[in-house]
Structure formats: structure tokens, C-alpha cells
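**Q** Below is a structure I'd like to ask you about.
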Amino acid sequence: MLAKPLVYRILRITLGIIFLLLSIIGGLLPVVQGWMFLFVALYLFSYDIPIVRRTFRRLEERFPRHADGLHAFEARMKQRLAKWKHRFARKPAVDPAAPNDPAAKSAIKHAAK
């Protein structure tokens, strides 16, 4: 099984490529705004590609007011992801031999009859 950091990296790069393709399509079609998809793709690539990361740092230094908003947005997204991870986390299987489990007690009573 793949390690979690590797899975997250593959997922980020795959999503970055998808958003990059959407930005190209958006550049060709007048209905779709391609620049928004380009920024999302570059943001996803900034975790794994050093030149994009350096470019984002330079932009943060040049435009600090906008960087604060970006950091606040990133913090909100991390909180939401943490909630989703908690919500969809796998629950441990119920051990029928657990003494405090009411379902296990009723199963033991029915098995004894």
C-alpha cells in the first residue's frame, strides 16, 4: 500500500493537471474563465514544484495584503478538510467479545440459549 504523503502528492499533481487543462479550455472558450483555474492549478503545484513555490513566495512578499487573505483562506480550507476527515474516518470494528458492548451481551445471551 502507498504511503499517505505519496498518495496526497499524486492527488495534488493530478488535480493540478486537471485544473491546468481547464484553464487552457477556458482560454479558448469565452464563457469559461480560464485564469481562475490557472491559479488553482498553480496553487496545487506549489506544494510539489519548487519553482512555483518560489514564485508564490515572491508574490506574497510583493503583495502582502493579498497574501494575508490567501493564508486565511488556506486555514479555513484546512479546518474544513479536518472536519471531513473526521466525518468520513473509518470507525473501528465492534469486537463482539467486548464486555461493555450491549450488542455483544445480547449476542452472547442468544448464543447461550
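The values are calculated or read from the model by the stated rules, or taken from the named source; none is laboratory data. Every value quoted in this text rests on a predicted model; they were computed, and no experiment measured them. Counting neighbours? That spans all protein chains shown, and the Cβs are built from the backbone with ideal geometry, glycine included.
**Q** Give the stretch 58-74 a look and list any residue that's of a type in the set (D, E, K, R) and surrounded by 12 or more Cβ atoms within 10 Å (Cβ to Cβ), or say none.
**A** GLU60
**Q** Being assigned to a loop (DSSP other than H, G, I, E, B) and modelled with pLDDT under 85 narrows it down to one residue among ASP48, ASP95; which is it? Can you show your working first?
**A** Numbers: ASP48 fails: modelled with pLDDT under 85.
So the residue among ASP48, ASP95 that is assigned to a loop (DSSP other than H, G, I, E, B) and modelled with pLDDT under 85 is ASP95.
**Q** Search the stretch 22-52 for residues being aromatic (Phe, Trp, Tyr) and touching a residue at least 12 places away in the same chain (Cβ under 8 Å), and hand back the single one that is surrounded by the fewest Cβ atoms within 10 Å (Cβ to Cβ).
**A** My answer is TRP35.
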